[in-house]
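Report on the following structure.
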Amino acid sequence: MKRILEILFWITLAAFLVSGAVVVFGQMAGVLLLNGDIVAGVDAAFADLTFSLATACALIAFILQYFKRTADDGAGDGEG
């Protein structure tokens, strides 16, 4: 179960970072082109997806903290 959650964490992390970059750069392009429709369109198309992915990633990270750390996780290397 822990391994599945870790994989889902990394997938959702990467996906929300990419979709967040699409939102930021898409809106930046709209501002530079002085086109409000692009800014609003990018927000309408990607904002809900980005926020949902970020929420899923945060919830998975929250759940993962309740699993015990093992030697494979680096429990003996002085972290956390």
Degrees separating the helix 2-32 axis from the principal Cα axis of the chain, which is the longest one: 20 degrees
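Give the carbon-plus-sulfur fraction of the accessible surface of the chain in %, rounded to a whole number; probe 1.4 Å, heavy atoms of protein chains only.
71 percent
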What is the distance, in nm, between label points placed 7 Å from the Cα along the Cα-to-Cβ direction at ARG3 and at ALA21? 2.9 nm
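The values are calculated or read from the model by the stated rules, or taken from the named source; none is laboratory data. Bear in mind the structure is a predicted one, so any value in this text is a computation, not a measurement. In this analysis, Cβ positions are derived from the backbone assuming ideal geometry, glycine residues included, and neighbour counts consider all displayed protein chains. Side chains included, ligands, DNA and RNA excluded: accessible areas come from the protein's heavy atoms. Shrake-Rupley method; radii C 1.70, N 1.55, O 1.52, S 1.80 Å.
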